[in-house]
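Asker: The structure under discussion is supplied below as structure tokens; questions concerning it will follow.
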Amino acid sequence: MQQVTDDVLQQEHYLLYIYTPFCGTCALARSMAEKIESVHQQDIFYEMNASLNPEFMQDYMIESVPCLLIKEDGGIKDKVYAFKSIANIYNYLMEYRPELFAKN
């Protein structure tokens, strides 16, 4: 995962994994995201430490961590708080990043 930057936050589309360092559930969610990236052999998610970005958390009304914030077409399309399983995250990827599944 790549650390999110101000430039990325200005983009029209991104998948942002939001966490806090000492959150056990966040660590589990991170491992799911890392496995997905490993399978696809590319960075798919950006990451943000919620503790270091309280203003962002308030502006985007992030209720808890872990959170997968999905931005599409310049707007927030979804906030996923229950990662549940890798298959569950893949459902979101199929909707918001279908190019990951296109046959070459």
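The values are calculated or read from the model by the stated rules, or taken from the named source; none is laboratory data. In this text, all values refer to a predicted model and were calculated from it rather than measured experimentally. Ideal geometry is used to build each Cβ from the backbone, glycine not excepted, and the neighbour counts take in all protein chains shown.
Asker: Please work out which one of (1) without any contact (Cβ under 8 Å) to a residue 60 or more places away in the chain; (2) surrounded by 15 or more Cβ atoms within 10 Å (Cβ to Cβ) is the condition residue 10 fails and give its number.
Answerer: (2)
Asker: Every residue in the stretch 40-77 that is of a type outside the set (A, V, I, L, M, F, W, C) and closer than 13 Å to residue 17 by Cβ, please. Give the derivation first.
Answerer: Let us first name the residues in the stretch 40-77 that are of a type outside the set (A, V, I, L, M, F, W, C), namely 40-43, 46-47, 49, 51, 53-55, 58-60, 63-64, 66, 71-75, 77.
Correct list: 43, 46, 47, 49, 53, 66, 71.
Asker: Right, something else. Might you let me know whether the stretch 63-73 holds any residue that is basic (Lys, Arg), part of a strand (DSSP E or B) and at pLDDT 95 or above? Explain how you work it out, then say what you get.
Answerer: Narrowing the stretch 63-73 to residues basic (Lys, Arg): 71.
Pick out the ones that are also part of a strand (DSSP E or B) and you get 71.
Next cut, at pLDDT 95 or above only: 71.
Yes, because at least one residue in the stretch 63-73 is basic (Lys, Arg), part of a strand (DSSP E or B) and at pLDDT 95 or above.
Asker: What are the residues in the stretch 87-104 that are among the charged types (D, E, K, R), exposed (fewer than 12 other Cβ atoms within 10 Å of the Cβ) and either in a loop (DSSP other than H, G, I, E, B) or in contact with a strand residue (DSSP E or B) (Cβ under 7 Å, 6 or more places away or on another chain) (or both), if any?
Answerer: Going residue by residue through the stretch 87-104, those that are among the charged types (D, E, K, R) are 95, 97, 99, 103.
Narrowing further to those that are exposed (fewer than 12 other Cβ atoms within 10 Å of the Cβ): 99, 103.
The one that is among the charged types (D, E, K, R), exposed (fewer than 12 other Cβ atoms within 10 Å of the Cβ) and either in a loop (DSSP other than H, G, I, E, B) or in contact with a strand residue (DSSP E or B) (Cβ under 7 Å, 6 or more places away or on another chain) (or both): 103.
Asker: Can you tell me which of 80, 39 is of a type in the set (A, V, I, L, M) and touching a strand residue (DSSP E or B) at 6+ places or on another chain (Cβ under 7 Å)? Before the answer, list the steps.
Answerer: On the way: 39 fails: touching a strand residue (DSSP E or B) at 6+ places or on another chain (Cβ under 7 Å).
Of 80, 39, the one residue that is of a type in the set (A, V, I, L, M) and touching a strand residue (DSSP E or B) at 6+ places or on another chain (Cβ under 7 Å) is 80.
Asker: For the stretch 13-26, which residues satisfy the criterion of being loosely packed, with under 10 Cβ neighbours inside 10 Å and either among the hydroxyl-bearing types (Ser, Thr, Tyr) or assigned to a helix (DSSP H, G or I) (or both)?
Answerer: To start, the set of residues in the stretch 13-26 that are loosely packed, with under 10 Cβ neighbours inside 10 Å comprises 22, 24.
Passing the criteria: only 24.
Asker: Being in contact with a helix residue (DSSP H, G or I) (Cβ under 9 Å, 6 or more places away or on another chain), surrounded by fewer than 13 Cβ atoms within 10 Å (Cβ to Cβ) and not β-branched (Val, Ile, Thr) is true for just one of 82, 29. Which residue is that? Break it down into steps so the answer makes sense when it comes.
Answerer: On the way: 29 fails: surrounded by fewer than 13 Cβ atoms within 10 Å (Cβ to Cβ).
When all the criteria are applied, what remains is 82.
Asker: Being in a strand (DSSP E or B) and of a type outside the set (Phe, Trp, Tyr) is the requirement here; does residue 79 meet it?
Answerer: Details: in a strand (DSSP E or B): yes; of a type outside the set (Phe, Trp, Tyr): yes.
So residue 79 fits the description; yes.
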